[in-house]
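Accompanying notes for the structure given below.
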Amino acid sequence: MDIYLQRTWVEDRLILKETLQENRFYIVDKMDTEKFWIPDLYIQNMADFTTNHGNLDLQLLMLNNKKRVVRGQ
């Protein structure tokens with residue numbers, strides 16, 4: 001079974017240095033993604049988990065003007 005997981009949260013601690021357009025998400029540069037707090041994911045009763053994408057980094061972090069962060073993987 002293949003699963004695409006997307007998590008969304010509002011990060012009020014962010015200080016935006018520039019004005020972002022409304023209703024638009026911006027992709028966060030890969031170097032800056034390490035500076036973001038990422039909530040842990042816990043799946044109750046999960047026995048095993050494997051990934052088949054190898055060394056590919058398929059994670060994506062986006063941000064909008066209301067400090068909503070979207071992380072897909």
Problem - Within the stretch 41-63, considering residues that are modelled with pLDDT of 75 or more and either of a type in the set (D, E, K, R) or not in a loop (DSSP other than H, G, I, E, B) (or both), the one farthest from LEU5 (Cα to Cα) - result: LEU63
Exercise for the section: Quick one: in the stretch 7-30, of everything that is part of a strand (DSSP E or B) and open to solvent by less than 100 Å² (accessible area, probe 1.4 Å), which residue is modelled with the lowest pLDDT? Expected result: ARG7
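The values are calculated or read from the model by the stated rules, or taken from the named source; none is laboratory data. As the structure is a computational prediction, the values presented were derived from the model and not from experiment. The area values use the complete protein model at the heavy-atom level, side chains included, leaving out ligands, DNA and RNA. Shrake-Rupley method; radii C 1.70, N 1.55, O 1.52, S 1.80 Å.
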